[in-house]
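The values are calculated or read from the model by the stated rules, or taken from the named source; none is laboratory data. Given the structure is predicted, the values throughout are model-derived calculations rather than measurements. Heads up, the Cβs are rebuilt from the backbone with ideal geometry, glycines too, and the neighbour counts pull from every protein chain shown. In case anyone asks, the SASA skips ligands and DNA or RNA and just uses the protein heavy atoms, side chains included. Shrake-Rupley method; radii C 1.70, N 1.55, O 1.52, S 1.80 Å.
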Amino acid sequence: MKITIYALHLGVGGVEKYVATLANMLANIGNVSIVVTYKLANEPAFYIDPRVKIEYLISDKTPNKDKIKEAIVNKSAISLIREVLIAVKLLYRKRHLNIKSIEKCDSDVIISTRIFHNKLISKYAAKNIIKITGEHNYHNDDEKYISKVINSCKNFDYFIPISKYLKDFYEPYMTARGVKAKYIRFCVDDFANNQRAALEGDNLISVGRLSKEKGYSDLISVFEIIHRKNRKAVLNIIGDGDERESLENLAKEKKLTDNVVFHGFRNKEYVYSELNKSSVFLMTSYTESFGLVLLEAMNSGVPCVAFSSANGAKEIISDQENGILIDQRDIGMMADTVCELLEDRERLKQLSEGAIKTAELYSYEETEKEWQKFIMSLKERDKEL
């Protein structure tokens, strides 16, 4: 069976992690290819099985949003015009090359990962190809965005989003359009952490992209309160992004530079080694479709404390069982909760046991079996037809 996955890039990101993981799982049952629009680096950010073929459509250019912003900030009309023209040409190439690829695709199954690809696949892919798409973003009750997702799935056979909530939310709309909605749990890594955190120190940890929607400025405010009560506490932030410089400055302003450590983007082995040294994982995201980082922490036995504003956190954290949810983005309440946990090691261990049990439900092996079973059922369906 031939399977083609369409991706925007293979850099750092939740969608890209999903693409890499899914490609690795399906490589055991079929010939898998990933068609990637932009080549951002020499190697993908996440491990991809050597059996998976990777085809880059654009290798010589990458999106120039940062240069456009820079030209606007510098008030340089000439630079702005030049960068806008470059962007227009790149967008044309992006669309044109994807259309050509989709038109010539002779796979049995196409898997899409973004609205952009959905629209093109629904229009240009051969009718006999089984078309699967999903959704990785929480909609935030944005009616325009919701409509875009729904309308982009025209002519698709299956809609398999990242979370059960998104599956349940979109299912009525998909059913009305003849698209079958299905939920397959995502999972922790194939090479997930086999060690368990000792929960002995006062190390706190957060992992993710340093962008506004992740709420890291609130995290530093939370830690400021924690630090007043517990001078031994250390906050380790692993990840990179547009907000890093401003967050480092914020930590400096609050005189926390000795206790807030910015590690930058790191590989999984490094992340797991830091999780093993940690006692509590903190998530302050405004929105989150699926909290994979929460599962990675739970797999290491680290209890999680998160704001309930992140829908993905509510799907994974059972309050007071495997972690704690904080309502109303209450910074003071989160800080107090963490301080109480650091003082109550028995409570930490109870939550840790619940966290480990939750992580077991999202094992790589179980998700791999479910995806492979589903794809093979499509092969059998085609034989019957």
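Applying the criteria of a DSSP loop state and at most 11 other Cβ atoms within 10 Å to the chymotrypsin sites (Phe, Trp or Tyr not before Pro) of segment 163-244 yields F191. Accessible surface of the chain, 1.4 Å probe: 48 percent of it comes from carbon and sulfur atoms. Charge dipole of the chain (Cα centre as origin; +1 on each Lys and Arg Cβ, -1 on each Asp and Glu Cβ, all else neutral): 1800 debye, rounded to the nearest 20.
Each of D142, D49 has its accessible area taken with a 1.4 Å probe; listed largest first, they run D142, D49.
Taking trypsin sites (Lys or Arg not before Pro) across segment 76-131, the ones in a DSSP loop with at most 12 further Cβ atoms lying within 10 angstrom of their Cβ are K127.
Show me, for segment 22-32, the HN-Hα J-couplings you get by feeding each phi into the Karplus relation (A = 6.51, B = -1.76, C = 1.60, θ = phi - 60°), rounded to Hz, glycine and proline as x. Computed from phi, the couplings for segment 22-32 are 5, 4, 4, 5, 7, 5, 7, 10, x, 8, 9 Hz. Once the Cα-Cα distance is subtracted from the 0.36 nm per residue extended length, the R82 to K67 segment shows a gain of 4.4 nm.
For segment 1-145, a crude dipole built from +1 on the beta carbon of Lys and Arg and -1 on the beta carbon of Asp and Glu, taken about the Cα centre, is about 580 debye to the nearest 20.
When +1 charges are put on Lys and Arg Cβ atoms and -1 charges on Asp and Glu Cβ atoms, the dipole computed for segment 171-217 relative to its Cα centre reaches about 420 debye.
Here the gap between K154 and L91, fully extended at 0.36 nm per residue and compared with their Cα-Cα distance, gives a gain of 20.4 nm.
Taking the charge dipole of segment 214-263 about its Cα centre, with +1 at Lys and Arg Cβ atoms and -1 at Asp and Glu Cβ atoms, the residue from I226, V261, A251 reaching farthest to the positive side is I226. Counting Lys and Arg as +1 and Asp and Glu as -1 over every other residue whose Cβ lies under 12 Å from the Cβ of L80, the net charge comes to +2. Cβ-Cβ distance of T175 and E343, R₀ of 35 Å, FRET efficiency by 1/(1 + (r/R0)^6): the value works out to about 0.10.
For segment 1-122, the per residue solvent-accessible surface stands at 52 Å², with DNA, RNA and ligands left out and a 1.4 Å probe. In the context of the full set of protein chains, residues of segment 141-228 present 48 Å² of accessible surface per residue (probe radius 1.4 Å, heavy atoms only). Dipole of the chain computed with +1 at Lys/Arg Cβ and -1 at Asp/Glu Cβ about the Cα centre; of L90, M1, V36, farthest Cα towards the positive end is L90. The alpha-carbon atoms of segment 1-90 define a convex hull whose volume equals 93 cubic angstrom per residue.
Ignoring solvent entirely, what values of log10 I(q)/I(0) come out of the Debye formula for segment 108-202 at 0.23 Å⁻¹ when each Cα is a single scatterer? For the requested q values the scattering log ratios are -1.17.
Remark: the Cα gyration tensor places segment 215-351 in the rounded category, a/c being less than 1.5. Only Cα pairs under 8 Å and 6+ residues apart enter the sum, and on that basis the relative contact order of the chain stands at 13 percent. Compute the Cα gyration tensor for segment 71-158, then decide on rounded, prolate or oblate, letting a ≥ b ≥ c be the square roots of its eigenvalues: rounded whenever a/c is under 1.5, prolate when a/b is larger than b/c in the other cases, and oblate in all that remain. Oblate. Other residues whose C-beta falls under 13 angstrom from the C-beta of K254 contribute a net charge of -2, scoring Lys and Arg +1 and Asp and Glu -1.
Computed over the chain with a Gaussian network model linking Cα atoms closer than 10 Å, the most mobile of A197, A251, A306 is A251.
When the trypsin sites (Lys or Arg not before Pro) in segment 228-264 are filtered for DSSP coil states and for at most 15 other beta-carbon atoms within 10 Å of their beta-carbon, the remaining sites are R231, K232, K254, K255.
Per residue, the convex hull around the alpha carbon atoms of segment 245-294 comes to 118 Å³. Do any of K214/K255; K314/K369; K182/K349; K144/K182; K75/K255; K89/K379 go past 31 Å between their Cα atoms, and which? With Cα atoms farther than 31 Å apart: K182/K349; K75/K255; K89/K379.
A dipole drawn for the chain from +1 and -1 charges on Cβ atoms has a positive end, and of V293, F159, H117 the residue lying farthest that way is H117.
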